[in-house]
Each structure stands twice: as structure tokens, then as C-alpha cells.
Amino acid sequence: MDTCKICGRKNPVEDANFCYYCGASLREGEEGLAINASLIKELQEPVLENPVPQGDAPANGAFVPRSDEERMLAEGKPFSKWKWFGTFLLLLIPVYGWVAFLVILCISAFGTAATGERKEMAKGLLLFVVVFAVFMIIGMVQMFSNPEFMEYYNQLMEEATASMK
């Protein structure tokens, strides 16, 4: 195992050309020295946290967050448990809650501001909703095509309308 001349760590990979930790060249000679010199220069340059003023689009097309929520998404922080809880509470609202829930899932699954984990969870939930809806439709078609069920259903409907008169 070679010891890196730049970071001083021992490489776990034998006969490696580059340091496992910092990427410095482990080769002897001019080529290895040139790679290491450029790496040292790059490591010594100060790194600006956010070189572009907020709200302006940088020349390279990188995303610059404007709000705390956008910053959280840009840093890869997950959708908080309370936001998911609120999203699922929408399901308790009879009709419009389901519509709002599906809209939020679509935005989370296919929107550009969502993190990868949030997109994958939203896509999984959408898949679950679609599969559940297909099974419900198949079950209802089978139930209403059963003559015994239809006879019982019609009898209940007649009793309900008779009691209303």
C-alpha cells in the first residue's frame, strides 16, 4: 500500500495510480508531479459558498435558491414529516382532498424543484393509487354484474324509496 504525498493517508488499493481519498497521482515522474501540482493549486483556492447574488441566474445555468424551502431542496434535504402528514390529511376531505392530493403528488413526482427521494416517493404513491383504482374498478364491475347482488341492491333501493314517501 502506497502512502499519498498530498493527504498522507495509506491507500487500501494496492498498485493504484491515484489516491483513494484525495485523487492525487501516486506515480513518480513529471506526469504525476503535474497532476499533483494542479490538485494542490485547486485545493488552495478559496471556495465561495454562493458567488452569484440570490435571484440572479448564473451564466452556467446552475440553480440559485431564493427561499429557505428552495435552499432545503437544493441541498437535498427531504420533505419534512409534517409536510407529508399535512399532505395525507388532505385525503380526509371527501372529493377535493383527493384531487389536491393527486395534484401535489404529480407536482412532486414530475416537478423540477423536488429532490430525488421526494420524486421517487411521489412516483411510488402515484403507482399505488393507479393500481388501487384499477382493482377497485374491476371489483365494482364484478360486483354489479352479479345478479344476486343486483337483486338485493334493487330490494334495498325500493325499501329506501318507500320509507321516504
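The values are calculated or read from the model by the stated rules, or taken from the named source; none is laboratory data. Predicted, not measured: the structure shown is a model, and the values here were computed from it. Ideal geometry is used to build each Cβ from the backbone, glycine not excepted, and the neighbour counts take in all protein chains shown. Remember, those area values only see protein heavy atoms, side chains included, never the ligands or the DNA or RNA. Shrake-Rupley method; radii C 1.70, N 1.55, O 1.52, S 1.80 Å.
Are there any pairs, at least 6 apart or on different chains, whose C-beta atoms fall under 7 Å, with the first in region 1-15 and more than 12 Å from residue 25 (Cα to Cα) and in contact (Cβ under 8 Å) with a residue 24 or more places away in the chain and the second open to solvent by less than 100 Å² (accessible area, probe 1.4 Å) and outside any loop (DSSP other than H, G, I, E, B), and if so, which?
none
What's the number of the only condition in (1) at pLDDT below 75; (2) within 18 Å of the chain's Cα centre (by Cα) that residue 61 fails to meet?
(2)
Using beta carbons and a limit of 9 Å, which pairs, at least six apart or on different chains, have the first residue in region 84-99 and within 20 Å of residue 118 (Cα to Cα) and the second one of a type in the set (Gly, Ala, Ser)?
The qualifying pairs are 87/100; 87/108; 89/97; 90/97; 90/100; 91/97.
Restricting attention to region 84-107, and to residues there that are modelled with pLDDT under 85 and either of a type in the set (Ser, Thr, Tyr) or under 14 Å from the mean Cα position of the chain (by Cα) (or both), which single residue is surrounded by the fewest Cβ atoms within 10 Å (Cβ to Cβ)?
Checked region 84-107; the qualifying residue surrounded by the fewest Cβ atoms within 10 Å (Cβ to Cβ) is 84.
Pull out all pairs, ordered by first then second residue, where Cβ-Cβ is under 9 Å, the residues are six or more apart or on different chains, the first lies in region 153-165 and is within 21 Å of residue 143 (Cα to Cα), and the second is among the hydrophobic types (A, V, I, L, M, F, W, C) and assigned to a helix (DSSP H, G or I).
153/144
What's the total number of residues in region 99-145 that are hydroxyl-bearing (Ser, Thr, Tyr) and part of a helix (DSSP H, G or I)?
Result for region 99-145: 1.
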